[in-house]
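The values are calculated or read from the model by the stated rules, or taken from the named source; none is laboratory data. All values derive from a computational prediction rather than experimental measurement. Here the Cβ positions follow ideal geometry from the backbone for every residue, glycine too, while neighbour counts run over all protein chains shown. SASA here: full protein model, heavy atoms, side chains in, ligands and nucleic acids out. Shrake-Rupley method; radii C 1.70, N 1.55, O 1.52, S 1.80 Å.
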Amino acid sequence: MATHQQTQPPSDFPAPADDNSQIPEATKPASEVQQATIAQETVKQDPPTSVFKNSEPIREDQIQNAIKFLSHPRVKGSPVIHRRSFLERKGLTKEEIDEAFRRVPDPPPSSQTTVTSQDGQQAVSTVQPQAMQPVVAAPAPLVVTPQAAFLSRFRWYHAILAVGVLAASGAGTAVFIKKSLIPRFKSWVQRIMLEEETDPLKKADAKPSLAEEAVAAGKAASAAASDVARVSQEMMITKNEERKYFEDLTHLLGVQVQEMKSLSNNIRKLEGQPNNIPKIYSADQEVYNGSVTAARKPYTNGSNVDYDTRSARSASPPAPPADSSVPPHPKSYMDIMSMIQRGEKPSNIREINDMPPNPNQPLSDPRIAPKSKPWDYGQAPQAESSNGQWWQQKNPRSTDFGYETTTAARFTANQNETSTVEPAAFQRQRSWVPPQPPPVAMAEAAEAIRRPKPRAKIDQEAAASDDQSGVSDELQKITKFSESGGDGSERIQITEIEEETEQQHISPEGN
Amino acid sequence: MPVFKAPFNGYSVKFSPFYESRLAVATAQNFGILGNGRIHVLELAPGAPGVTESVAYDTADAVYDVCWSESHDSVLIAAIGDGSVKIYDTALPPPSNPIRSFQEHAREVQSLDYNPTRRDSFLTSSWDDTVKLWAMDRPASVRTFKEHVYCVYQAVWNPKHGDVFASASGDCTVRIWDVREPGSTMIIPGHEYEILSCDWNKYDDCILATSSVDKTVKVWDVRSYRVPLAVLNGHGYAVRKVKFSPHRRSLIASCSYDMTVCLWDYMVEDALVGRYDHHTEFAVGIDMSVLVEGLMASTGWDELVYVWQQGMDPRAS
């Protein structure tokens with residue numbers, strides 16, 4: 001599709017060899033190395049898509065995982081775009097995702113046979129928690145924080161509920177005891193009365209037992225009185241307990257009220273302070289995100305200042321991760337958000353007509369030719385004036401930060417000086433300072449000579465890592481990068497030389 | 001160091017590729033939630049204020065990003081919250097501006113990037129999940145790239161290959177595209193959370209930095225993109241913008257909601273080489289001058305724009 005001949009950028013790349021487009025992807029790294037060593041091009045020009053495209057082979061294991069994911073009934077119910085997005089976030093390439101989508105409608109044979117169906121189910125169930133968690137987590141990473149807030153609130157409820165339950169049970173038992181004791185007492189008294197009646201009936205002629213009866217009656221009366229006293233004592237005790245419960249409850253409530261009062265006092269104090277310090281608001285995730293669900297009214301022509309809740313304006317700043325805190329917003333930001341949610345419009349908005357008065361107005365002619373960039377080798381940017389405007393000089397003056405001294409020292413390379421003194425920062429990386437190379441007459445040749453070395457290094461590393469990519473062993477990759485980190489320091493040396501020579505021939509050329 | 005106080009909250013700052021002392025600032029009222037916007041064109045000057053405003057353009061909606069044309073020295077392009085893309089010509093009198101307004105995106109336009117090699121086209125990325133390619137002389141977009149499933153926060157051209165660009169999205173992936181291909185050529189699932197920004201290494205065309213809500217900046221080599229080359233920790237909150245230095249191969253600047261601007265050298269063991277905490281609100285915009293080595297600018301929700309030389313304190317006077 002791409003015709004490389006047509007896409008010649010204005011900067012002077014020599015045309016890439018046409019046979020590059022025919023080279024199969026597997027040998028592209030090799031061809032890159034060849035090109036680099038042949039100093040025909042100043043920049044790696046071979047089809048740029050070869051670097052910016054996936055050259056990895058399709059990974060079958062990833063496709064299998066994707067198929068399991070896509071075959072899950074719950075996933076089948078979700079929109080296709082979400083499924084693709086999930087697989088992309090898991091690191092599958094486009095080709096792998098397409099292949100998985102192609103295969104999923106065909107029921108994989110393993111799921112049909114009963115013997116392997118269990119394996120299929122197990123595999124699906126293992127994929128399921130992984131799949132569901134990210135799917136659930138992705139659209140709503142914020143659910144966790146409301147839950148956390150909910151949990152903290154839960155403790156209050158817990159305490160209040162517990163005290164209430166205790167008080168209620170105490171009162172209930174007291175009432176129950178009252179209700180059950182009184183009938184029991186009554187029945188007991190009745191029984192005694194009955195016994196008294198039957199006894200005198202039986203001993204009708206026992207006149208001398210009158211005294212005994214009186215004594216017995218007195219005893220019974222005293223026993224009854226003691227019982228009554230005991231019961232009333234118990235009732236008093238339960239009443240006291242109830243009172244204690246209620247006192248505790250009121251005490252707790254009073255404590256809470258006091259805390260809230262102190263909080264509001266603090267907030268008022270903070271509001272009273274001058275406005276240099278950013279305001280801290282009680283982090284309220286719901287307010288922050290509540291407007292995400294609010295709908296946005298469509299625009300009408302010209303009346304752009306219509307009130308509409310910018311539903312995703314609260315998404316800028318975008319939603320924070322669930323585990324870290326929301327950055328403290330300025331108080332006035334929260335004011336405006338709450339104002340909009342209430343339906344009010346901030347009063348400082350003006351009606352402005354910002355449409356072009358003449359949509360066909362031609363652009364004015366440019367007065368200056370486009371300048372080349374510092375990273376286009378061999379073409380130095382025009383440092384127009386070395387008048388000594390403050391913004392052109394790199395000032396080695398050290399500032400408060402420890403970092404700043406190293407940074408300042410590092411950048412001490414005034415355009416007209418050739419610095420050979422290495423700042424302390426570089427001592428870490430190398431102890432030997434290369435001598436300044438002589439000024440270069442032909443910049444292009446110098447670049448051509450210099451560039452292949454770092455290029456070859458990079459390409460060798462790339463080729464090596466490409467060979468091993470099929471293994472997909474994380475450990476290997478990490479060790480590889482630590483190795484390349486070691487090589488990286490050499491690259492720093494090379495680049496330092498490059499930059500210093502660039503600066504050197506900036507100064508004679510820049511006028 | 002010069003400081004400019006804007007009436008609205010800052011969103012983006014860009015140095016002009018033609019004039020060393022010129023920069024443009026995109027600002028939005030009410031933190032960009034709802035309100036007008038304004039584009040400031042600033043000039044650095046020797047002497048007391050250090051920076052003055054040469055012209056300002058008001059917009060009905062927030063301006064989220066601004067970029068300078070690489071072909072015309074006086075032209076700048078603005079990304080507006082109502083989904084429009086507007087072109088301004090500073091060489092024309094202010095009432096003649098804007099000279100173009102393209103209304104195609106369905107949602108806010110979040111970022112702009114002008115092609116530095118071809119110099120005839122630019123990209124816009126939007127919350128409507130698409131990236132659009134535009135040419136200055138065409139009344140409509142040339143192409144729309146629709147593959148992301150969430151807001152595309154930034155799209156950046158490759159500095160060496162004029163047809164290749166990268167896009168960073170809230171769907172947690174970075175995609176590499178080639179305008180000659182029908183779809184994306186590479187998908188990098190870079191972070192577990194939204195990816196807010198990306199930028200190419202100017203000296204190594206295969207190296208890409210991404211920054212995310214997960215507070216890290218990661219550096220990737222697209223040739224072996226499964227594992228990042230480096231993970232830069234140090235910010236306390238989401239990292240909003242990341243930028244590779246135009247002058248030093250391994251130097252990266254980043255700004256974050258922790259209100260700091262950090263400098264990193266990803267090839268060094270202890271990568272953090274500088275930290276500036278001059279802002280008092282979210283730092284959301286950062287740029288490094290292509291014409292003057294070491295010159296940086298940043299802006300934030302505290303309505304301030306700072307311009308300073310690396311190694312100096314931005315707040316020093």
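Observations, loosely collected:
- Sorting A:350-362, B:140-152 by average packing, meaning the other beta carbons within 10 Å per residue, from highest down gives B:140-152, A:350-362.
- Square roots of five times the Cα gyration tensor eigenvalues for the range B:232-312, Å: 18, 16, 9
- Computed lengthening from A:His251 to A:Asn360, 0.36 nm per intervening residue step minus Cα-Cα distance: 31.6 nm
- Summarising the amide proton neighbourhood of B:Arg275: residues at separation of 5 or more, or on other chains, whose placed amide H is nearer than 5 Å comprise B:Leu263.
- The alpha carbons of the range B:46-96 occupy a box of 39, 24, 22 Å along the principal axes, longest dimension given first.
- Mean projection area, nm², convex hull over Cα of the range B:1-80: 5.0
- Pairs of Cα atoms in the range B:183-225 fall into 10 Å distance bins, from 0 up to the last occupied one, in shares of 28, 56, 16 percent.
- Calculated SAXS-style log₁₀ I(q)/I(0) at q = 0.12, 0.25 Å⁻¹ - the range B:72-158, Debye, Cα scatterers: -0.33, -1.30
- Diffusion of the range B:76-126 by Stokes-Einstein, at 4 °C in a medium of 1.567 mPa s and with Rh set to the Kirkwood radius over alpha-carbon pairs, works out to 112 µm²/s.
- Per DSSP, loop trypsin sites (Lys or Arg not before Pro) in the range B:193-302 with at most 16 further Cβ within 10 Å: B:Arg226
- With the convex hull of its Cα atoms as the shape, the range B:3-309 has an orientation-averaged projected area of 14.1 nm².
- In the range B:3-309, Cα pairs under 8 Å separated by at least six residues give a relative contact order of 13 percent.
- Highest average first, the peptides B:256-269, A:221-234 ordered by how many other beta carbon atoms sit within 10 Å of their residues are B:256-269, A:221-234.
- Chains A and B together bury some 11200 Å² of accessible area, summed over both sides, with a 1.4 Å probe.
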